[in-house]
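The values are calculated or read from the model by the stated rules, or taken from the named source; none is laboratory data. What you see is a predicted model; the values in this text were computed from it and never measured. Positions of Cβ are generated from backbone atoms using ideal geometry, with glycine treated the same way; all protein chains shown enter the neighbour counts. These area figures cover heavy atoms from the full protein model, side chains too; ligands, DNA and RNA do not enter into them. Shrake-Rupley method; radii C 1.70, N 1.55, O 1.52, S 1.80 Å.
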Amino acid sequence: MSKKIDIHKHKINVRGKNLYIWPSDTDVVEITDSPMTYTALFTDIEKYHDKLKERILELEKLEEHTHRVRIGGNKVRYVHEWETAEAKLIDMRAAAFFCQAVGKDIEDVVATTSWASVSRKHDYLAAHSHTDCIASVVYMLEPGNTKNDNGLDGRFAIIDPRAPGCCTVEEGRVTSQISPSMDPGSMIIFPSELVHHVHPYTGDEPRITIAWNFKLREGA
Ligand SMILES: [Fe+2]
């Protein structure tokens, strides 16, 4: 039987540096308790962000890896197929976030899909939710260079009438958005059924996020 992975002790070798899947200084903060949404901030991003960006932008050019959404940017599919140590690290960090949220071992969780979103000027993501999964995770790799100072440029937001955090005036009536600030290295997790979107992005440089949908392995 293979040994269980302890996410707090297991390290991944990234170009000669051993990086913990879940470093002890990772700050996890509750965004809202209803629904349960959390953000985690990784502080060792200088050790893997540049190569991860480079790899995504390289794969983005290849038709077999990239789905070009008419509005909403390019989707570079399947983190586990990117074949770099940096990709393996961030893939495991996302799985580790989900396994902690549901109180399971990392071996019990499965990503139903994963992709990087590369957005350019005027791209946005229409409101949607995800099927066949429990929770979704989004990682901010590169926020780009936003132009507007209204705080909404390229911003991720949840807008769901089932979420009390969106209905602060009257139950079931959306009058607010749950829109956590996302610095580079921040990862958020939220229930997949919640309707979410990304506000239009106006920067000149690519904005890059990575997303996963997770469920539990059968029998877990
Ligand atoms: Fe989504």
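Name the single residue, out of those in the stretch 169-186 being over 18 Å from Gly151 (Cβ atoms) and not in a strand (DSSP E or B), that is nearest to the chain's Cα centre (by Cα). Applying the filter and picking the extreme gives Gly185. Residues in the stretch 140-166 that are in contact with a Phe, Trp or Tyr (Cβ under 8 Å, 6 or more places away or on another chain) and more than 30 Å from Asp108 (Cα to Cα) were compared, and the one that is nearest to the ligand (Cβ to nearest atom) is Gly154.
Within the stretch 111-139, if we keep just the residues that are closer than 19 Å to Tyr201 by Cβ and not in a strand (DSSP E or B), the residue that is nearest to the ligand (Cβ to nearest atom) turns out to be Tyr124.
If you filter the stretch 187-220 down to residues that are within 16 Å of the chain's Cα centre (by Cα) and of a type in the set (Lys, Arg), you find that the one that is surrounded by the fewest Cβ atoms within 10 Å (Cβ to Cβ) is Lys215.
Quick one: how many residues across the stretch 57-77 are outside any strand (DSSP E or B), of a type in the set (D, E, K, R) and under 18 Å from the mean Cα position of the chain (by Cα)?
1
Within the stretch 201-217, being away from the ligand (no atom under 16 Å from the Cβ) and within 19 Å of Ser119 (Cβ to Cβ) holds for Thr202, Gly203, Asp204, Glu205, Pro206.
For the stretch 167-185, the candidate set comprises residues that are within 16 Å of the ligand (Cβ to nearest atom) and open to solvent by less than 50 Å² (accessible area, probe 1.4 Å); within that set, the residue that is nearest to Ile210 (Cα to Cα) is Met182.
Within the stretch 103-121, residues that are over 19 Å from Glu83 (Cα atoms) reach partners that are of a type in the set (Lys, Arg) and open to solvent by 60 Å² or more (accessible area, probe 1.4 Å) with beta carbons closer than 6 Å, at six or more positions or on different chains, in the pairs Asp105/Lys4; Asp108/Arg217. Residues that are assigned to a loop (DSSP other than H, G, I, E, B), of a type outside the set (D, E, K, R) and more than 20 Å from Ser179 (Cβ to Cβ) within the stretch 195-220 comprise Pro206, Gly219, Ala220, listed in sequence order.
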